[in-house]
Each structure stands twice: as structure tokens, then as C-alpha cells.
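Worksheet: the structure to be examined is printed underneath.
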Amino acid sequence: MLNTNARDYLLSIWPMLPGEVLEDLAAIFQEFSAKRKTVLTAEGEVEKYLYLVQDGVQRAYAIGSDGREATLVFTYAPSFSGVADSFLLQKPSRYWFETLTPSKFLRANFRDFDAVLLKHPLLERLIRLALSQTLEGVLVRQIELQSFTAEQRFRTLMTRSPHLLQLVPHKYIANYLGMDPTNFSKLLGQIKI
Amino acid sequence: MQAKTLLDTLYQQTEAILDKAVHEWQNMPPQKLNVEPAPGRWSAAQCLAHLNAYGNYYLPAIEKAIQEAQQAGSTPATEFRSSWLGAYFTKLMQPDSKTKMKSPANAIPPTFLNPAETLAQFIDQQERMLKLIEAARTVNLNQVRIPISIAQWIRLKLGDTFGFYTAHHRRHVLQAERALEAVSNPVMAVEK
């Protein structure tokens, strides 16, 4: 069956995709939706899917030996999602992946994904570019975590993704910034006044 | 009533409450939650604190009961039948119920609250509740029973506990909304 939904999505991120490649790639995606706070991948599992976010907010988080959560990343449309390293390397995930709001996705399994990339070298290239951006994002976040003050991290996030404030409980944003929720609401109060 | 229909309805009602808290309440100045709409009337934060007090009792009790039922091999039933008492409590709690109630002394919230913390706890509890409603799909809503907070010897069916808990939440969430409305438009404050 022709998946026009997947085709439109892929064209929106890669407008130059030639027809045949687009058809083959769109064909590996299926629609999937999940309620709020659904764990899609648990620590120790191998990530089965590559997700494209259509709707909602998700997060990846690690649980430390003391039981504390560390939010690593938020994802929202339009973006890839899932536990990327576990998916690409087909190794057990070191962390958890869950929805924070009701979410809609398109998703593809590893076998189909691998096959379509082998068939179309252009896709290998596009995925490399997408992964380069991801790597850039991860390293920029590393800088923020290690050399920004909490307030600088807060302000950076407020410029980059202010819409998150209306979408997810603030405790997750505070956790992502490495702040306690009280400090977070103090800063939020300051920024609005 | 079909057990699935009941859980779907309760899930959707809880989701709507949580969505309001996340989308609106956590983004308003916290002090606003603390304003009494009229002398002696509960502020929005007090309404939420009142609900949190119930959550502190019921959420762990429901969690425990579902876990024990799962371990004991409980399986879902297609139909859920309210007990007489369960149906009565739920009806009493509904937002459109005409019955005025007095909250038990231990559930009357303090006047001075940290509104941001109260709201954060409220949001946490709604997330937990959604998970419990989902977990309840694996057990028999007629057989699992929860002792009620004001009288431990009365044990309501899980389906009824969910029913009156959610109705009670909707009632006080509406009250909180009216309180916030009165704070924003003092002229229109007509809470009687």
C-alpha cells in the first residue's frame, strides 16, 4: 500500500529525493501512536525502530545507580527519534526512551532500513548528513552541560525550544537542564517579568 | 458497563485534567494560583492540594492492589458492575452533583502553600494515575478492592474507586478553574 503520509513527511525533510528512492524509503515506514508516558524502549533492549516524529514530545533518559533520572534529549516533530545508537549498532540500549505526551510516529525496523540504504547509496549520504547534525547537537549540548551556568542553559533552551514549556511537565525540562524544579520555576518567573 | 469503556472514559478525563495543568497552570505566575477568589474560598492551589492529599492515599493503595492482583493471576473481566455504595459515592462526587459536601478535616488544605510545588505534585499524580488506569486493564475491576480513605473497613471495587476518584478530581479542578477565573476577572466572581 502506498504510504502517502510517509512520502509527504520524507519530502518535507528531503525535498530533492528522487521518485524511486522516495517510494522505496516511504514503503518501509508504518504509522504508530502511543499514549503519554509509554516506554517505547527500555534499558537493555535493542532498539527495534527508527522513528519519525509526527506529533508529541518524547525523551531519552538514563537512570543512574542511585535511581535518579537524567534526561538526555527531547524529540518532537519534525525529527528522527528512538534510541539511535542502539538502533544503528544493534546493541542493547544504555537508556530509556518514552513519550511525554500522546505521540504519533512513522517507524521502520532495522532490517528494512538497512536494506533500503544498501539499495540506494543516496540514502546513505542523506543519513550521514542527518547523523552529522545529530552529532553536532550532542557536542553542543556537551559544551552547555560542562561550561554553561544553569541560568545560561535555561536561557539557551528558552530560545531554542520555548514551546516545550506548554507541552511537557516542567520537571522534565528542569531535569534536562540539570536544575532542581524550584530553581527552574524561579528562573521562569524572572524571565517573564 | 464494559470495563474497557469505563477505563477509556476515565483515562480521557484524567488526560484532559493533566493537559490543562501542563498547558495552562504551570505557565501562569504561581502566585496567581494562591489567590482566594473570595474570603474563605479555596484558592486554585488549595483545590489542588486537597486533591493531592487524596492522591497520596489512593495512588499507593491502588498501585499495591493492582500489583498483588497481577501476582495472584487476576484476569480482566469484560463487564464492570458498580456496587451500590460505589455508584452512590461516584454520583455524589460528580461535578454536577447538587449535594454540598464538607471535606474531612485531614483533607482541608493549609492556607499557605507553595503553589509551584503543589502544582508539580498534582501533575506527577496525574501521570501516575494514567499509568494505573492502563495497568488496570490487566486485572478484574470487580474483584480488586481498595479500602476507602475515611473508613478502612469499607473496601470499594477498583472500578468504583477509579470512578469516584476521577469524579472528585473533576469536581475540584472545575472549582480551581472558577477560582482562577475570579482572580482574572474580579467583577465576574459569582462563586456562591
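Bear in mind these aren't lab numbers, they're just calculated from the coordinates by the rules spelled out. Every value quoted in this text rests on a predicted model; they were computed, and no experiment measured them. As a convention, Cβ positions derive from the backbone with ideal geometry for all residues, glycine included, and neighbour counts pool all protein chains shown.
Taking amide hydrogens as placed 1.01 Å from N in the peptide plane, the amide H of residue A:38 sits under 5 Å from those of A:99, each at least 5 positions away in sequence or on another chain. Summarising the label geometry, the points placed 7 Å from Cα in the beta-carbon direction at residue B:91 and residue B:75 lie 3.4 nm from one another.
What residue among B:86, B:40, B:55 has the largest mean-square fluctuation in a Gaussian network model of chain B, using Cα springs under 10 Å? Result: B:40 has the largest fluctuation of those listed. Among B:100, B:32, B:64, the largest mean-square fluctuation in a Gaussian network model of chain B (Cα springs under 10 Å) belongs to B:100. Apply the a/c threshold of 1.5 to the C-alpha gyration tensor of the range A:70-110 and tell me whether it is rounded, prolate or oblate. Oblate shape, in that a/c is at least 1.5 and b/c is the bigger or equal ratio. Annotation: amide H of residue A:93 within the under-5 Å range of A:44, A:45, A:46, A:47, sequence separation 5 or more or interchain, hydrogens built in the peptide plane. Contact order, relative form, for chain B: 40 percent (alpha carbon pairs under 8 Å, 6 or more residues apart, mean separation divided by residue count). Take each residue of peptide B:21-30, count the partner chain Cβ atoms within 10 Å of its Cβ, and average: the result is 4. Label point of residue B:57 set 7 angstrom out along Cα-Cβ; within the range B:1-26, no amide nitrogen lies under 19 Å from it.
Across peptide B:131-140, the average count of Cβ atoms from other chains found within 10 Å of a residue's Cβ is 1.
Mean separation of Cα pairs under 8 Å and 6 or more residues apart, divided by the residue count, gives chain A a relative contact order of 22 percent.
Karplus-derived 3J(HN,Hα) values for the range A:125-131, using 6.51 cos²θ - 1.76 cosθ + 1.60 with θ = phi - 60°, are 5, 5, 5, 4, 5, 5, 5 Hz; glycine and proline are entered as x. Is the shape of the range B:1-44 best called rounded, prolate or oblate, per the rule: a/c under 1.5 gives rounded, else a/b larger than b/c gives prolate, else oblate, with a ≥ b ≥ c the square roots of the Cα gyration tensor eigenvalues? Oblate, since a/c reaches 1.5 and b/c is not below a/b. DSSP loop chymotrypsin sites (Phe, Trp or Tyr not before Pro) in the range A:100-148 with at most 14 other Cβ atoms within 10 Å of their Cβ, which ones? Answer in residue order: no site qualifies.
With a 10 Å cut-off around each Cβ of B:142-151, the average count of Cβ atoms from other chains is 0. Annotation: peptides B:156-164, B:136-144, ranked by per-residue average of other Cβ atoms within 10 Å with the highest first, follow the order B:156-164, B:136-144. Let a ≥ b ≥ c be the square roots of the eigenvalues of the Cα gyration tensor of the range A:131-176; is it rounded (a/c under 1.5), or, if not, prolate (a/b larger than b/c) or oblate? Oblate.
The 3J(HN,Hα) values that the Karplus relation (6.51, -1.76, 1.60; θ = phi - 60°) gives for the range A:9-14 are, in residue order, 4, 5, 5, 5, 8, 10 Hz. Gly and Pro appear as x.
Loop sites by DSSP among the trypsin sites (Lys or Arg not before Pro) of chain A, restricted to those with at most 14 other Cβ atoms within 10 angstrom, leave A:95-193 as the longest stretch without any of them. Using θ = phi - 60° in the Karplus curve 6.51 cos²θ - 1.76 cosθ + 1.60, the 3J(HN,Hα) couplings for the range A:26-36 round to 4, 5, 8, 9, 10, 6, 8, 9, 9, 6, 4 Hz; x is entered for Gly and Pro.
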